[in-house]
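K.L.:
Handing you this structure, nothing more for now.
FYI, it's all coordinate maths here, none of it is from the lab. Just so you know, these numbers come straight off a predicted model, no measurement behind them. Counting neighbours? That spans all protein chains shown, and the Cβs are built from the backbone with ideal geometry, glycine included.
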Amino acid sequence: MKFATPGRHQGRRSVAETLPGSRFIVAGICQHHDSRSRSSGQTHRAASDLSRPTKLELTPVNIHEVLDDVLLLETQAADELSITVKKRFDPSLPPIRGDRAQLTQVFLNLVKNALQAMSGGGPLTVTTRVETDFHIRGQGSDRSRLIWVDIEDEGVGIKEDDLPHIFSPFFTTKNSGTGLGLAVCYRIVKEHGGLIRVESVEGKGTTFRISLVVAN
Ligand SMILES: Nc1ncnc2c1ncn2[C@@H]1O[C@H](COP(=O)(O)OP(=O)(O)O)[C@@H](O)[C@H]1O
Ligand SMILES: [Mg+2]
C-alpha cells in the first residue's frame, strides 16, 4: 500500500469501516478532512475539490442519463482495452435527488478505476435497481426510497489489507495515481445522503455499489 503524498498521513483514520470476517466495507461511517492534504501539480484540483465544501444543486436526476454520459466519455478508453460494457438498467428506475455534475464525477471516477483495473480486457457491468425496502435515514424517522447503482469489473481486485484505505485521500496503488478519485466519490455520495459499498476479491474483480435517494 502507498500514499501519493508520503508523510502527510500520520493520524488520519480510515474513512471506511471494515466489517469483520468479510471482504466488504461500507463507507459513510466517519469522514476526515485534513486541510493540510492540499498539494500542488496534477492533484491540486481534485485535492481542492475535496477540501472545499460543495454547494449541491439538487434537482431530480435521471441516473441512466448520467451513466450513459460517463460511458460515452469512456468509450474510447474501453475500446482500446477491448472492454465490453454491459448495461443492466432497470427501466422502472425513478429519478433521484442529486447534483448532476457532481454525480457525473462520481461515476466517471468509478468507471475510470474499473477500466484501469482491467488492462487485460473483460466485461464492465453497470446495473441499476430500486431498493425494495424503505430505509430509516438520519436521526429522525425520515424515510427515503433508495436506488442502487453497481459498477462491476473483472479486474485485478483489491487486496484485503488495502480495502480499509481506499477511500482515504492520497491512497493509491498506481504509479501515477493521485489517490483522490474515491475520496471525492465518498465525499459527494455522503453529501447526497447515499452510501458507497465495495466488494472485491483479489484477482477476480471489484464491485462498487452506490445508493442514492429517490426524488420526491
Ligand atoms: N475497480 C478497482 N479495481 C481495483 N482496485 C481499485 C479499483 N478502484 C479503486 N481501486 C484501488 O483504490 C485505490 C484508490 O483509488 P482512487 O482513489 O481512484 O485513486 P487512484 O485511481 O488515483 O489510485 C487505487 O489505487 C486502487 O488500488
Ligand atoms: Mg482513480
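K.L.:
Using the number of other C-beta atoms within 10 angstrom as an exposure proxy, rank T125, T59, T206 with the fewest first.
P.N.:
Listing T125, T59, T206 from fewest to most nearby Cβ atoms yields T59, T125, T206.
K.L.:
Cβ neighbours within 10 Å, averaged per peptide: list 151-162, 178-189 in order, most packed at the top.
P.N.:
My ranking of the peptides, most packed first, is 178-189, 151-162.
K.L.:
Based on C-alpha coordinates, I'd like the Rg and Dmax of the range 59-213, in Å.
P.N.:
Spelled out, the Cα radius of gyration and Dmax of the range 59-213 are 15.3, 49 Å.
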